[in-house]
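The next block holds one structure in the form of structure tokens; read it before the comments.
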Amino acid sequence: LPVIIEGETGTVKELLAQSLHQLSGRQGPLVIIGCGSISPTLFENELFGHLKGAFTGALVDHDGLLSQARGGTLLLDNICDLPLSCQEKLLRVLQEHKFRRIGDTAPQPFDARVIVTTSRDLEELVTAERFRQDLYFRLKGVCLRLPPLCRRQKDIVPIARHIFKKQGVDPDRVAPQLYDFLQEYPWPGNVRELKNLLEMSVLLAGGRAPNLEQVRSGVCGFTRTEKSDVPVYQMPLLPMKDAEKHYLLLVVTHFRGNKSQAARFLQIGRETLRRKLG
């Protein structure tokens, strides 16, 4: 069955999709399509592939993503961002279980398990006529909803302990007050924010267990307070742009002003980092 994974940004929907693929028993690869980044004009070529000479510049045969996913799983990440013109082409593949490469007359079989992720309610997009209803029903086999981290408070400490282990830190050496702080914070960026914060805190601590102040200094969404008895969710919010800039400056400072290293750590381009810093 196809699977729809719903959840806010940062709830690691892709990680759940990877687990579904690994547990499926399928021998083929997991092929990921970022629906928000693919160009509508290139969608057909990326999806279906082409034969040599099919158009100017087609110097060799090219297997599209549908061919690459054969026997495995096709993950359509953020399908809510897929343009309507591309949705029609995708629907035809799912209906017919076959496709044609550009310039080819012989159809190719499509054999892949389909998983899609979305950060927006697809039913609402259908009502707003921004998502095809027939495609939605074609995809709606099983729907899994990942709740935001603030509604999974009991998961926060186990996730944090796992992240510390991945960073080479003994989670038992982390102060209990730090775990209490993590459970109080509302995590608007969900699991991704938690992961980035703890990885950054370990770096600032020189690879050792960070203290509470090092972790709190990396929380960008809240100002610091002298009153230790004030819950973090009652602290005033910083403007989002200032919060992001504060976090980016922390990263750049850690790498002693080397923006190239900071950009690699943040997994963004150096020019993007420069623009965000202003």
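The listed residues are Asp81, Asp77, Asp61, and the only one of them that is farther than 19 Å from Asp111 by Cβ and in contact with a Ser or Thr (Cβ under 7 Å, 6 or more places away or on another chain) turns out to be Asp77. The residues in region 153-204 that are of a type in the set (A, V, I, L, M) and free of Cβ contacts under 8 Å to residues at least 24 places away in the same chain can be counted, and the count is 1. Just to verify a result, which residue in region 63-84, among those that are in a loop (DSSP other than H, G, I, E, B) and aliphatic (A, V, I, L, M), is farthest from Leu20 (Cα to Cα)? Residue satisfying both the conditions and the ranking: Leu82. From the residues in region 135-152 that are open to solvent by 100 Å² or more (accessible area, probe 1.4 Å) and free of Cβ contacts under 8 Å to residues at least 60 places away in the same chain, which one is nearest to the chain's Cα centre (by Cα)? Once the filter is applied, the top-ranked residue is Arg151.
Of all the residues in region 92-134, those that are in contact (Cβ under 8 Å) with a residue 24 or more places away in the chain, out of contact with any Lys or Arg (no Cβ under 6 Å at 6 or more places or on another chain) and of a type in the set (Ser, Thr, Tyr) number 2. Condition test on Arg270, is it basic (Lys, Arg), buried (at least 17 other Cβ atoms within 10 Å of the Cβ) and at pLDDT 70 or above? So Arg270 fails the test. The residues of region 94-132 that are under 25 Å from the mean Cα position of the chain (by Cα) and in a helix (DSSP H, G or I), listed by number, are Leu94, Leu122, Glu123, Glu124, Leu125, Val126. Kindly provide the set of residues from region 30-58 that are in a helix (DSSP H, G or I), under 18 Å from Ala106 (Cα atoms) and open to solvent by less than 40 Å² (accessible area, probe 1.4 Å), ordered by number. Across region 30-58, the qualifying residues are Asn45, Leu47, Phe48.
Being at positive phi and either buried (at least 16 other Cβ atoms within 10 Å of the Cβ) or among the charged types (D, E, K, R) (or both) narrows it down to one of Glu129, Glu124, so name that one.
It is Glu129.
Is it true that some residue in region 156-175 is touching a Gly at 6+ places or on another chain (Cβ under 7 Å), closer than 27 Å to Pro29 by Cα and not hydrophobic (A, V, I, L, M, F, W, C)? Scanning region 156-175, I find no residue that is touching a Gly at 6+ places or on another chain (Cβ under 7 Å), closer than 27 Å to Pro29 by Cα and not hydrophobic (A, V, I, L, M, F, W, C), so the answer is no.
The set of residues in region 74-118 being at pLDDT 90 or above, open to solvent by 60 Å² or more (accessible area, probe 1.4 Å) and of a type in the set (S, T, N, Q) consists of Gln95 alone. Being in contact with a helix residue (DSSP H, G or I) (Cβ under 6 Å, 6 or more places away or on another chain), modelled with pLDDT under 90 and among the hydroxyl-bearing types (Ser, Thr, Tyr), is that true of even one residue in region 181-192? Yes; the residues of region 181-192 include at least one that is in contact with a helix residue (DSSP H, G or I) (Cβ under 6 Å, 6 or more places away or on another chain), modelled with pLDDT under 90 and among the hydroxyl-bearing types (Ser, Thr, Tyr).
Can you tell me which residues in region 158-209 are β-branched (Val, Ile, Thr) and in a helix (DSSP H, G or I)? Across region 158-209, the qualifying residues are Ile159, Ile163, Val191, Val202. If you filter region 193-237 down to residues that are β-branched (Val, Ile, Thr) and at pLDDT 50 or above, you find that the one that is surrounded by the most Cβ atoms within 10 Å (Cβ to Cβ) is Val215.
The values are calculated or read from the model by the stated rules, or taken from the named source; none is laboratory data. In this text, all values refer to a predicted model and were calculated from it rather than measured experimentally. In this analysis, Cβ positions are derived from the backbone assuming ideal geometry, glycine residues included, and neighbour counts consider all displayed protein chains. The accessibility values were calculated without ligands, DNA or RNA, using every heavy atom of the protein model including side chains. Shrake-Rupley method; radii C 1.70, N 1.55, O 1.52, S 1.80 Å.
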